[in-house]
Every structure is written in structure tokens, then in C-alpha cells.
Amino acid sequence: MTDVVVIGAGAVGLPSAYYLAQEGMKVTLVDKEAAPAQGSLKAAIGGVRATHSEPAKIAICQDSLRIFSTWKEKVGTEIGWKRGGYCFPVYSPQDEALLKSILSVQHQHNLRIDWLDADGIKKVVPGINTDGLIGGTLSIDDGQASPLLFASSLTKECKELGVDFRFGETVEKILARDDRVVGVKTDKENIVADYVLNAAGSQATLIAATVDVPVPVSPDSHEAGVSMPIEHFLEPLVVDIRPGPEGKTANFYFGQTHDGSIIFCYTPSPKILGEDRRCTSEFLPTITRRLLNIIPRLKHLVIRRLWRGVYPMTPDGFPIVGRTPSVSGFYLAVGLCGQGFMMGPGLARNIAHYITTGKTYVATDLFASLSPQRDFTRQEALE
Ligand SMILES: Cc1cc2nc3c(=O)[nH]c(=O)nc-3n(C[C@H](O)[C@H](O)[C@H](O)COP(=O)(O)OP(=O)(O)OC[C@H]3O[C@@H](n4cnc5c(N)ncnc54)[C@H](O)[C@@H]3O)c2cc1C
């Protein structure tokens, strides 16, 4: 018997187990893989920003930023945190208008983000291609951390708080009686619990369907890579929101990690739907062209590793968080799209508090805007 079963030791499940245990709950965390972070979390490139255009994401990521930036001091372990900011360079009047249009919302939420002219961008992104560069935004409190170091540190902290880890065990079914959750059935046993939190990433829909709870999450695949370390020259994570001239990519982002590696990723266009995690032969040549187009001096970079993972997408690009209306005690923290690492800790702290007390740290209306019962028609100005 446990108080709460968390399904999935990923970007949301791991910190949720940690905060639930901190709230005094007896927590069992089940993951089908042999170790933590083997789903999408290990594919993330570690970007963390609060500079979104929607208040709920801003508030949750502000909480995450506080957690990432103070983690080493509080917990004593290195997670590769680097407060280098996020920079969105701009090459077209349309993109300039888009980014400037969301600055006022961002300033209302006390985000330190400013518009810089082309000279300002050249200073923060040394070597940037200035051909057509108009300017861009820089948000100095955003940053980067290592998903694997953070997962490892969270696992250690969870163990110290008494979280019972069940690796290599697959949840097959949610168990409910009289519309109330009573636990989960795994491929090994039934685990009896008062509460269940579904944090199973791209697999969340299948699990929720076992108690007829509709969860519109679908996998969308993305590739990434990392270079050998080079001398530190780049502070911010850079997001190039232009579609690629080759017609295969939407936005493209890259940064230099705390240990000097260049880490990079793009959004394929059109989207590649599904769970296929095999690297494609076109990723490296395509991203190389995008990288050298924006920072030509990176031409001697040595690439160390490429990988492919999935974004657990929702129809409106916002996560699905809260209690399920039809099965009491069954909660969701799923559909984190391409932002699960940055939202993970803030979301986890809130859902843990919500499960144990019915209250959240972020404003109630913001939390409610992520509810499973919303209509999914909203569209974000800048994803
Ligand atoms: C290339 C790439 C780059 C990215 N970069 C960033 C970034 O810079 N910043 C950012 O914020 N986000 C980034 N992301 C997105 C981020 O990785 C995801 O949003 C996040 O990992 C989703 O978190 P999750 O907890 O929902 O799912 P996951 O991290 O996938 O965790 C779900 C867990 O559930 C387990 N599970 C599934 N089914 C079952 C079952 N039946 N029984 C037991 N366990 C189960 C899985 O094994 C997995 O461990 C990136 C993603 C990719 C692919």
C-alpha cells in the first residue's frame, strides 16, 4: 500500500515524485525502463526559459527557473546550470513585429527580456551572420541545465526521501472502483494506492484509456546532437525562428553547455509523427547547413553524438494538468510538448501540492487553464 503511484520517471514524473515525497506522501514511482530518464527526458537539449507568451507557461517556468538556479546551492549536486539567457535573433520585419508584440505580456510578468539592435545581438552571439540581421530579443534570466545530471540528482534525492522506485515494470491498467482510483496493475503486480499520477509522456493516452479518460497526446519526433567541447564563446541559447531555406526545417535552436559542447536541434517541417527513435541520415547535413549559415565560424566543430526522441504533443501546444473529472484520485501531468524539461520542476511542485492539499502555488486560474477539460482550441503566439 502506498499513498500515490507516479507513472513515469521522466521530466515530470521524477520531480513530481520528489515534491510529493516532500509533501509527506508515501510515493511509488513505476517506469517500464531499467533506469530513470529513458523516455523523452534524455533527448532534451536542456533549454529552460520563462519567456513564453502565455501566462500559465510563464508562471510555471518562473518556478522552474528558481528551482534549477538554486538546486546546486540547496542540494549540493552539479546539474550543469548556466544562466546564459535566450536570444531570438531576427532577420525579417514580420518576426520583429511578432517578438515585439509579446514583449508587453512578458514585461507584465516581470520577465527581464529586451529588444536589442543588430549590434547588441552581435555582442551576445559572437560570430553571428549579420547579413539581414535586424536585431532580436535577449532574456537574461533564462538558461540551460543538463537533463541527465538533473535526473540523476533527483533520483538520489527521491531515494533519500523514501520514494519506492520500480524500474523495468510496465503499468498496464489504472484500477478504479466506483469511479475512484484504487491503484495500478503492472506486468508484475497490482499496486494499491489512494492517488495515481499519470506522467507517462507520449504513452499517457494508452494508460488513461484503460479507465476511459480521453487524453489527446501524440508523439512527434525530433532529432538533436552535441559536439565535442570547444572554448566557451556563447552565453545564450539561440533560437532561429526562420524556416530553413532547404524546406525541411521550421525553427532551429542551439547553445553551448556548461562544459563547452555545442548542443543543437531543429523542428522538422513537415512534422514527423510517431515514436520512431532511429536517427535519420538527413539530420546532420541539414542541421550543419543551418548552423553554419548562422555562425560560419563553427565550421570545424566535431560532432560527438546524435539522437532522436519525441515531443508528447497536445492539440493546442499546452500541457494537460490536473484531476480527471470522471475518476476521482486520478491525476494527469502530460503533453509537455517540446518544453517538458523547462516546465517539469515547476509543474511538479504545483501538481504535488494540488494532489495533497487541493491548492497550487501558481494562481488558480492559470493552473485551471491547463485542465484536461479545456477545449484545446487556443493557439500560442510563439511556441
Ligand atoms: C530532441 C529533443 C530536444 C528537446 N529539448 C528540450 C529542451 O531544450 N527543453 C525542454 O524543456 N524540453 C525539451 N524537449 C522536450 C522534453 O524532452 C519533453 O517535453 C519531456 O521529456 C516530456 O516529459 P514527460 O515526463 O511527459 O515524458 P518523458 O520524459 O518521456 O517520461 C515519461 C516516462 O514514462 C515512462 N512510461 C511510459 N509508459 C509507461 C508505462 N506504461 N509504464 C511505466 N512507465 C511508462 C517512460 O519510460 C518515460 O520514462 C526536447 C525533446 C526532444 C525530443
statement: Those residues of the range 23-38 which are farther than 21 Å from Thr257 by Cα and in contact with a strand residue (DSSP E or B) (Cβ under 8 Å, 6 or more places away or on another chain) amount to Met25, Lys26, Val27, Thr28, Leu29, Val30, Asp31, Lys32, Glu33, Ala34, Ala35, Pro36
query: Filtering the range 177-188 down to residues that are within 13 Å of the ligand (Cβ to nearest atom) and part of a strand (DSSP E or B), which residue is nearest to Ala35 (Cα to Cα)?
result: Thr186
- prompt: What strands (runs of 3 or more DSSP E) completely inside the range 245-350 contain at least 1 residues that are of a type outside the set (Asp, Glu), surrounded by fewer than 18 Cβ atoms within 10 Å (Cβ to Cβ) and within 16 Å of the ligand (Cβ to nearest atom)?
  reply: 249-256, 303-313
task: Could you look through the range 147-176, keep only residues that are within 11 Å of the ligand (Cβ to nearest atom) and of a type in the set (Gly, Ala, Ser), and pick out the one that is surrounded by the most Cβ atoms within 10 Å (Cβ to Cβ)?
output: Ala151
- prompt: Which ones in the range 87-105 are crowded, with 20+ Cβ neighbours inside 10 Å and out of contact with any helix residue (DSSP H, G or I) (no Cβ under 7 Å at 6 or more places or on another chain)?
  reply: Tyr91, Leu99
field: Selected residue (only one of Thr137, Thr130 is free of Cβ contacts under 8 Å to residues at least 40 places away in the same chain, polar (S, T, N, Q) and over 17 Å from Tyr18 (Cβ atoms))
entry: Thr130
message: Tell me yes or no: at least one residue of the range 8-19 is more than 13 Å from the ligand (Cβ to nearest atom), farther than 14 Å from Pro147 by Cα and polar (S, T, N, Q).
response: no
- request: Taking only the range 39-53 into account, find how many residues are over 22 Å from Gln106 (Cβ atoms), within 6 Å of the ligand (Cβ to nearest atom), touching a helix residue (DSSP H, G or I) at 6+ places or on another chain (Cβ under 7 Å) and not in a loop (DSSP other than H, G, I, E, B).
  value: 1
field: Selection from the range 189-217 of residues that are surrounded by fewer than 17 Cβ atoms within 10 Å (Cβ to Cβ) and either assigned to a strand (DSSP E or B) or more than 11 Å from the ligand (Cβ to nearest atom) (or both)
entry: Glu189, Asn190, Val192, Ala209, Asp212, Pro214, Pro216
message: Cβ contacts < 6 Å: first residue more than 15 Å from Leu366 (Cα to Cα), restricted to the range 45-66; second residue among the hydroxyl-bearing types (Ser, Thr, Tyr) and surrounded by fewer than 22 Cβ atoms within 10 Å (Cβ to Cβ), any location; separation 6+ or different chain. Result?
response: Thr51/Ser139
query: Do you know which residues across the range 218-244 are out of contact with any Leu (no Cβ under 8 Å at 6 or more places or on another chain), charged (D, E, K, R) and either open to solvent by less than 10 Å² (accessible area, probe 1.4 Å) or not in a loop (DSSP other than H, G, I, E, B) (or both)?
result: Asp240
- prompt: In this structure, does Gln379 turn out to be more than 16 Å from the ligand (Cβ to nearest atom) and either crowded, with 19+ Cβ neighbours inside 10 Å or not in a helix (DSSP H, G or I) (or both)?
  reply: yes
- line: Scanning the range 19-51 for residues that are farther than 30 Å from Gly274 by Cβ and open to solvent by 20 Å² or more (accessible area, probe 1.4 Å) gives Tyr19, Gln22, Glu23, Gly24, Met25, Lys26
query: Identify, please: which residue in the range 363-376 is in a loop (DSSP other than H, G, I, E, B) and more than 28 Å from Ala43 (Cα to Cα) and is, among those, most open to solvent (accessible area, probe 1.4 Å)?
result: Gln373
- prompt: Quick one: is Val30 under 15 Å from Ser146 (Cβ atoms), at pLDDT 95 or above and among the hydrophobic types (A, V, I, L, M, F, W, C)?
  reply: no
- request: Show the residue pairs that are 6+ apart or on different chains and have beta-carbon atoms under 7 Å apart, the first residue being within the range 220-236 and in contact (Cβ under 8 Å) with a residue 24 or more places away in the chain, the second being of a type in the set (Asp, Glu).
  value: Ser221/Asp276; Pro229/Asp259
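The values are calculated or read from the model by the stated rules, or taken from the named source; none is laboratory data. Here the structure is a predicted model, which is why all the values come from computation and not from measurement. Because the Cβ atoms are built from the backbone with ideal geometry, glycine has one as well, and the counts that use them run over all protein chains shown. Heavy atoms of the whole protein, side chains included, go into the accessibility calculation; ligands, DNA and RNA do not. Shrake-Rupley method; radii C 1.70, N 1.55, O 1.52, S 1.80 Å.
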